[in-house]
Structures are given as structure tokens and as C-alpha cells.
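**Student:** Before anything else, here's the structure in question.
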Amino acid sequence: MVKERARILVVGGGYVGMYTALRLQQKLKPELGRGEAEITVVTPDPYMTYQPFLPEAAAGSISPRHVVVPLRRVLPHCRVVVGEVTAIDHAKRTATLTTLATDEEGTGPQQVMYDELVLAPGSVSRTLPIPGLADYGIGFKTVEEAIGLRNHVIEQMDIASSTRDPAIRDAALTFVFVGGGFAGVEALGELEDMARYTTRYYHNVKPEDMKWILVEASDRILPEVGEDMGRYTVSELRRRNIDVRLGTRLESCADRVAVLSDGARFPTRTVVWTAGVKPHPLLAATDLPLTERGRLKCTPELTIEGVTHAWAAGDAAAVPDVTAPGTHTAPNAQHAVRQARVLADNIVRSLRGQALQTYSHRYAGSVASLGLHEGVAHVYGRKLKGYPAWFMHRAYHLSRVPTFNRKARVLAEWTLSGLFKREIVSLGSLEHPRAEFELAAGGKPSDTPKNGPQDGSQGDSNNNPKGLS
């Protein structure tokens, strides 16, 4: 039994937030039933996104609704609040948050009291002050962005098919991806594979008409799978006529022209930005200790250094790696899921006056998909490529996607996609559902530009590496 009533506030509904709350409701089930404990989860979205499946969702291999896990269904014993925490005063054990009803009520932000804090807001895209990036760039961290990008790519093929202007056609069929991590490489590989298949249904668009360009500032891509597999990935992408430019930066994309540091210029309507992530801005609005890179200073027990009753893990936390002294655990899904389990157990141990556990996990390896039946993997020192790596990628992530419901649905979709042809439909109008009615009612259509690179909504790839257990 807990020593005293505990109000547990979980900030964030991603890997760490969902898995921590899920384990807490299991471990504290008697206390929750007696009212001795309560768990509140504050999250901007009422679902957790399984980000490793975003590239396949963009390619149409998985339905978007099967990439997300509804929090209210998997956390029936928790209070789920859809909103955003804007500030935390841990000295007073209070969090300031806004909800969907805040503006309607006109009462201003709410104050929430807590006894134990789990801070796991995740990360946001790390952008640079590049001219035109804010206007024309597309992110790849949310399911909305993934589906928006799929719609956008197919719309560009429609534009190219219907225009007689060679300049417009060339820009529509040029796709620039910035960032050679998992998010950029997998998104590029899956979408290029999908677009190449889709060309068979266009009378005047051929695979060789399209330009796919990967821009990476360092001298290698996918460093997590090893140097050899990184070189193989470059050669495999180039074999598919994808222009891989290493040691190159995007300097501008103003006026829909991508200007690279090597002097190349590409008129394009598609610039996908996957060049890293940074800690969530919320961390700077707390009184908790941060590292030089803006992450929370944590102990191996996943408490926040120097304070009590505060815990953190995942992208927002700098957790010492006890298997490699002097380093921190990588901000990836592999560590986040395991840290959430230890974090939840330690909260329960703390409430019951027991000793805390130390988080320890040696990185097992990584897998990446490069399109249908193509992949690379580096697992426990063993290197795989091609079909075996692609199969391992699917098998591993099928085992890791939360809930049996999602596992069954994803497996069913994969099975059906193997029996039938790909879907090539663009539902870009979903992003502007009221446009037609506004015109019919005599109003003006939405000001949101159509057929431009920002058709994908901006917003949490996982650009973080995806690892194995």
C-alpha cells in the first residue's frame, strides 16, 4: 500500500507518457480503486503515435488510424486531459495548462496540483533559419504530416500529368528530403517506391521523369546501422536513381527553389525537413535543472537530478547510460519504452517506501525499411540487407506496436496489401473539408494554399533511431 494519497501528473502522451501511465494503472490498481491514488495524463492529442510506422502510412501500406493508439481506451483508469502544459512550478507542485475549452470559457489557463510529476513531452523538429523553410517545408513527425505528404506527392504527379508548362512539370516532379536519419531515409524510400508504382497509371509520367534528392550534412547516412550498412543504403538508393548528396546542406528554399551548399539549384514544390529534433520548449518553462542541450538532468533511477518527486525519460531526458559510463542513453524508441517501465516501477517503489531500480539496457541494434521488400539492419553485431532486413523490420515493429487490437489490424493490412494492388488515391481535400461548402454558400475558400509543400500539417519521425530489444 502507498504511504499516503498520491496525485500523479504525466505530461505527454507519447512512448514514455503512455507506457508509464499504462504500467502505473496496472501496479496501482488497488490504490486507484480505493481512491488512494489518481493518475492524470495531459497530452496535446488523444492518441499515441507509433512513429516507426509513419513511412508505411505515407506509402499507403498501413491505414493512418492503425498507426495511432487511443489513450482513453488503453488508459481507462487514468484521467486523460487533451491540452498542453505551458509551465511547471515544481517548488509549488503546480502545472499550468490550457485545454480545448480554455478559450471558450475565457477563464485563462488552469492550475493543476500534483504530488508526483512525470515529465515526458518528447521533442519537436529542430529547424534552422533557412529562407523559405517555414513557408514551404513539410515535417515528418506526426501522422497528419505523413498522410499530408502522401496526398501532396500524388497531387504533384497529377499537376505534372495535366500541365503543358515544362517548368511547372519539372518542379512538381522534384522531391527534396533534408536529413539522412531514419525519418528522412525511410520516408524517401517508401514514398519513392509508392510513386514509382503509381506512374504505371499515368499515361505521360514515367519513373525516370521524377527527381528524388536526399540532402545530408554529414558524410554518411543511417549511422545507427553501421558504416557498412550506411554505404549499402547509399548505393541502393542511387541504384534507384535517387540523388544522394552527402556533406551538403540546404541553404534556401525561398520561391520554391531548393539551393544547396554545393551550388545546385532545384525548382521544387516539395521540401521535406527531417534534419533532427530538439527538446520540447516546455522544459525551458520549468524550474527543473537542464543540460547545456536543454534536456532534463536525470539520474540512473530516472529521477530528475537535485529534486524530489519529479521523474523523466525519453527524448526530454538526459539519462546516464550505466552500460557506457560517461555517456547518455540515445533518445530513441528502444530506450523510451524500457525507461517507461522502470520509471513507473520506481514511482510505485517510492510511494511504498522501497528502494529504487537503476535503468540499464545495452543497445541491441537498429532496423530500417527502404521501401517494399528492401531494408537494412544491424542487430547484435549481425548485418542484414534486402528482403531479410525488411522482413525483420516488419516483424520487430509488429511485436512492439501497442495492444493486440493494433497488431491484428496492421497484420491484416499487410496481408491484404500482399494480395491486392496498392491504393493510389489522394485525399488531399480532407485537409480542407469545408472549402467546397464555403464556395457553395457564397463565401471565400480557405486561404491555406493548395498543391504546395505546406499542405502537410506542421507538428511529434521519428527522426530518432528505432532500435531492437
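**Student:** Need at least 3 residues that are touching a helix residue (DSSP H, G or I) at 6+ places or on another chain (Cβ under 8 Å) per element, so show me which helices (runs of 4 or more DSSP H) inside the range 21-128 make the cut, counting only ones lying wholly within it.
**Tutor:** Because the criterion is at least 3 residues that are touching a helix residue (DSSP H, G or I) at 6+ places or on another chain (Cβ under 8 Å), the helices (runs of 4 or more DSSP H) in the range 21-128 that meet it are 54-59.
**Student:** Go over the candidates A330, A364 one by one and state the one that is at pLDDT below 95, of a type outside the set (D, E) and open to solvent by less than 30 Å² (accessible area, probe 1.4 Å).
**Tutor:** A364
Every residue, every condition in (1) touching a Leu at 6+ places or on another chain (Cβ under 7 Å); (2) among the charged types (D, E, K, R), yes or no:
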position	(1), (2)
A312	yes, no
A316	yes, no
V319	yes, no
V322	no, no
P325	no, no
H335	no, no
R338	no, yes
D345	no, yes
S350	yes, no
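**Student:** List every residue pair whose Cβ atoms lie under 6 Å apart, where the two residues are 6 or more positions apart in sequence or sit on different chains, the first residue falls within the range 7-27 and is under 19 Å from H309 (Cβ atoms), and the second residue, located anywhere, is open to solvent by less than 10 Å² (accessible area, probe 1.4 Å) and aromatic (F, W, Y).
**Tutor:** Pairs found: R7/Y114; L9/Y114.
**Student:** Same structure, new question: So how many residues does the range 180-226 have that are in contact with a Leu (Cβ under 7 Å, 6 or more places away or on another chain) and part of a strand (DSSP E or B)?
**Tutor:** Qualifying residue count, the range 180-226: 5.
**Student:** Within the range 112-141, restricting attention to residues that are touching a Leu at 6+ places or on another chain (Cβ under 8 Å) and surrounded by fewer than 22 Cβ atoms within 10 Å (Cβ to Cβ), which residue is nearest to S350 (Cα to Cα)?
**Tutor:** E116
**Student:** If we keep just the residues of the range 209-225 that are more than 21 Å from T270 (Cβ to Cβ) and surrounded by fewer than 20 Cβ atoms within 10 Å (Cβ to Cβ), which is farthest from the chain's Cα centre (by Cα)?
**Tutor:** So, considering only residues that are more than 21 Å from T270 (Cβ to Cβ) and surrounded by fewer than 20 Cβ atoms within 10 Å (Cβ to Cβ), the one farthest from the chain's Cα centre (by Cα) is D219.
**Student:** Among the listed residues D262, D243, D193, D228, identify the single one that is surrounded by 18 or more Cβ atoms within 10 Å (Cβ to Cβ) and in contact with a strand residue (DSSP E or B) (Cβ under 7 Å, 6 or more places away or on another chain).
**Tutor:** On the way: D262 fails: surrounded by 18 or more Cβ atoms within 10 Å (Cβ to Cβ); D243 fails: surrounded by 18 or more Cβ atoms within 10 Å (Cβ to Cβ); D228 fails: surrounded by 18 or more Cβ atoms within 10 Å (Cβ to Cβ).
Going through D262, D243, D193, D228 in turn, just one is surrounded by 18 or more Cβ atoms within 10 Å (Cβ to Cβ) and in contact with a strand residue (DSSP E or B) (Cβ under 7 Å, 6 or more places away or on another chain): D193.
**Student:** Moving on to the next point. Restricting attention to the range 227-241, report how many residues are in a helix (DSSP H, G or I) and either small (G, A, S) or within 21 Å of P267 (Cα to Cα) (or both).
**Tutor:** 3
**Student:** Quick check, is V322 closer than 17 Å to I8 by Cβ and open to solvent by 10 Å² or more (accessible area, probe 1.4 Å)?
**Tutor:** Here the answer is no, as V322 does not meet what is asked.
The values are calculated or read from the model by the stated rules, or taken from the named source; none is laboratory data. Note that the structure is a prediction, hence the values are computed from the model and not measured. Ideal geometry is used to build each Cβ from the backbone, glycine not excepted, and the neighbour counts take in all protein chains shown. Surface accessibility is based on the protein's heavy atoms, side chains included, excluding ligands, DNA and RNA. Shrake-Rupley method; radii C 1.70, N 1.55, O 1.52, S 1.80 Å.
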